[in-house]
Amino acid sequence: MSERTRAILLAAVVALGAVTGVAATGVAAADGGLEVAVDDADGEPTVTVTENDTAVENVTVVVSVVDDGDENASYAGTGEYETDANGTVDLPAAEEDVTVAVTAAAGDDTASTTVDLEAPDGLELDVENAESEPVVTVTNDDDPVENTSVNVTAVDENASYAGAGEYETDANGTVTLPAAEEDVTVNVTAEYDNESASETVDIEAPDGLEVAVDDTDGEPVVTVTDNGTAVENASVTVTTVDENATYAGAGEYETDEDGTVGLPAAEENVTVEVTAAYEGESVSTTVDLTVGDEDEAEGQPFGQLVREFIEDIEDREGGIGGAVSDFVTENNPGNAPDHGGGPGGPDDADDGDDAENETDAPGNAPDHAGPDGEDDDERGPPSDADPDREEDDDAEETEGDAEDDDADEEGEDADEDEEDEESAEDEADEESAEDEAEDDADEEETEADEDADEDEADEEETEADEDADEADEEADDDDGEGGPPDHAGGPGGN
């Protein structure tokens, strides 16, 4: 091509770029229907020339750098080309980002476009999932590269990593490395077609299977995770460290979808071991469970406490009847303590006997009783006192003693009835708890029956206590009435 023709084409490029503004699209058309387009601008660009949508062969294509203020911009693909039978021209990849003008001329028709060529990424590697099993991916111009050599070494020569060594990428351009046993920094290098790419990566040892226990002074919650993710259906075993200690939450459980297991609150301070097992791995932790604030529990109805206790242990494998029965027996507010007695405490139980010896008891005349407060030897019954009256006095005293004995027997019978009632109450509680464990569907109904049985037993126990107290009071009254006979000396007596 002559210098004159080349000058004309270059002038046409500048004119078309300034007037038509087609540089942004990468496609330009002349009035006669000649068009030029550039594809794959971020790799190895291809120029295509068409006329009326038909590829044009042997069209002259001129490529030049557009000066956008960068005088040092360059492109190895500048120059003059001719289209092939497909109407195309292949250009080399840009070594750096650059803007070029592409002009096509066929006879008197010309078409031009301006396009931004991007330097291809070339050979690259990326390492993902560095906190577990790292995956190395190798690409060339964003396409995965198979059979690329990958070399892994520890940066610190004193450090060790089981994944150190040489690998080859698979069809996806990837290599999977083993998880680190401890945190380590490695250098990963990929080589392909005389090119190489390297990256330094910090590989973290995975957390693995972990178990944690929260709210140890209330209702403990066990959480199981694997590499930081909640694990569902993991096996959880709870045992007391001291074989002589007891804890209602001891047993086996399975975690829910959140990786958690709820345990019942401890009734007394206890140390437990919690072990989680999942997919051949296991991990354990030892925690101290402490008794929380009992004021809140004391203010709750007993039936509600039983329901909450059952909810806490319902996930435990195996029967729960025994645990429920023990809880009911130990925590039933109707269970009176061994030292329980009538009003005033156990020390008042012998008041009936002491009343006979009280100097100020009704019927016991004071020391100064008698006419004018004279001495004891000048007091007493008159000389003409009826001797049969003494026999009557003896009979009254005997009758009083008999009444005292009857009252004592009634009190003992009441105590025996109370013990029988407490025993019946415990048996009813145990039977209710076992029924509840056997049939979860009737759980709420059984709990209501337990509450009703407990209330009834408590009422019967209270009535028995009241009957015993009344019997004691009657005995005290009888003792008071058993004082000296009417003819005994007293103030103003004969």
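Descriptive notes on the structure:
- Residues being surrounded by fewer than 19 Cβ atoms within 10 Å (Cβ to Cβ), small (Gly, Ala, Ser) and under 19 Å from residue 314 (Cα atoms) - total across segment 210-249: 2
- For segment 32-72, the set of residues classified as surrounded by 16 or more Cβ atoms within 10 Å (Cβ to Cβ) and in a loop (DSSP other than H, G, I, E, B) consists of 41, 42, 43, 44, 45, 56, 59, 66, listed by residue number.
- Counting only strands (runs of 3 or more DSSP E) that sit completely within segment 119-171, zero hold 2 or more residues that are outside the structural domain of residue 191 (by TED's automatic domain parsing) and without any contact (Cβ under 8 Å) to a residue 24 or more places away in the chain.
- Picking from residues in segment 183-207 that are assigned to a strand (DSSP E or B) and of a type in the set (Gly, Ala, Ser), the one that is surrounded by the most Cβ atoms within 10 Å (Cβ to Cβ) is 190.
- Matching residues, segment 79-118, being without any contact (Cβ under 8 Å) to a residue 24 or more places away in the chain and touching a helix residue (DSSP H, G or I) at 6+ places or on another chain (Cβ under 9 Å): none
- Condition check for residue 166: surrounded by fewer than 12 Cβ atoms within 10 Å (Cβ to Cβ) and in contact with a Ser or Thr (Cβ under 8 Å, 6 or more places away or on another chain): yes
- Residues in segment 177-202 that are aliphatic (A, V, I, L, M) and closer than 15 Å to residue 167 by Cα were compared, and the one that is nearest to the chain's Cα centre (by Cα) is 177.
- Verdict on residue 109 being more than 40 Å from the chain's Cα centre (by Cα), among the acidic types (Asp, Glu) and either crowded, with 20+ Cβ neighbours inside 10 Å or within 30 Å of residue 50 (Cβ to Cβ) (or both): yes
- Any hit, segment 225-234, residues being closer than 21 Å to residue 305 by Cβ and touching a residue at least 12 places away in the same chain (Cβ under 8 Å): no
- Evaluation of residue 222 against (1) over 21 Å from residue 134 (Cβ atoms); (2) assigned to a loop (DSSP other than H, G, I, E, B) (one fails), failing number: (2)
- Per the conditions (1) in contact (Cβ under 8 Å) with a residue 40 or more places away in the chain; (2) within 30 Å of residue 163 (Cβ to Cβ); (3) over 15 Å from the mean Cα position of the chain (by Cα), the sole criterion not satisfied by residue 241 is (2).
- Options 215, 193, 170, 207; residue that is modelled with pLDDT under 95 and on the phi < 0 side of the Ramachandran plot: 207
The values are calculated or read from the model by the stated rules, or taken from the named source; none is laboratory data. Every value quoted in this text rests on a predicted model; they were computed, and no experiment measured them. Glycine also receives a Cβ, built like all others from the backbone with ideal geometry; neighbour counts cover every protein chain displayed.
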